[in-house]
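Peer 1: If you scroll down you'll find the structure; I have some questions about it.
The values are calculated or read from the model by the stated rules, or taken from the named source; none is laboratory data. Computed from a prediction, not measured in an experiment: that's the story for all the values here. Cβ: placed from backbone, ideal geometry, glycine included. Neighbour counts: every protein chain shown.
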Amino acid sequence: MNKYQKKSRNGLNELLTYFFRKKDPSKKVSINLKLMHGINKISIIIFIFAVIIIITKYISRY
C-alpha cells in the first residue's frame, strides 16, 4: 500500500469517526459548537446524497 492509499483510507476513517464518535464527558461543549457540528453533519450527508445522484444519472445515460 502506497502513501496515497493510506492517506485516502485515513480520510474515510476520519469521516466515519466524525459521525460515530463518543462524547467526551470532561469537555464542556457550548451550544454554538453543537450547532456547528450538527450543520456540518447535515451538509456532509446532503453532499454525499448529491454525489450519488450525479453518479447514477451519469451511469443511466449509457
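Peer 1: Would the stretch 31-39 turn up any residue that is at pLDDT below 90 and loosely packed, with under 10 Cβ neighbours inside 10 Å?
Peer 2: No, the stretch 31-39 contains no residue that is at pLDDT below 90 and loosely packed, with under 10 Cβ neighbours inside 10 Å.
Peer 1: Show the residue pairs that are 6+ apart or on different chains and have beta-carbon atoms under 9 Å apart, the first residue being within the stretch 1-22 and surrounded by 10 or more Cβ atoms within 10 Å (Cβ to Cβ), the second being at pLDDT below 75 and not basic (Lys, Arg).
Peer 2: Every condition considered, the pairs that remain are 9/1.
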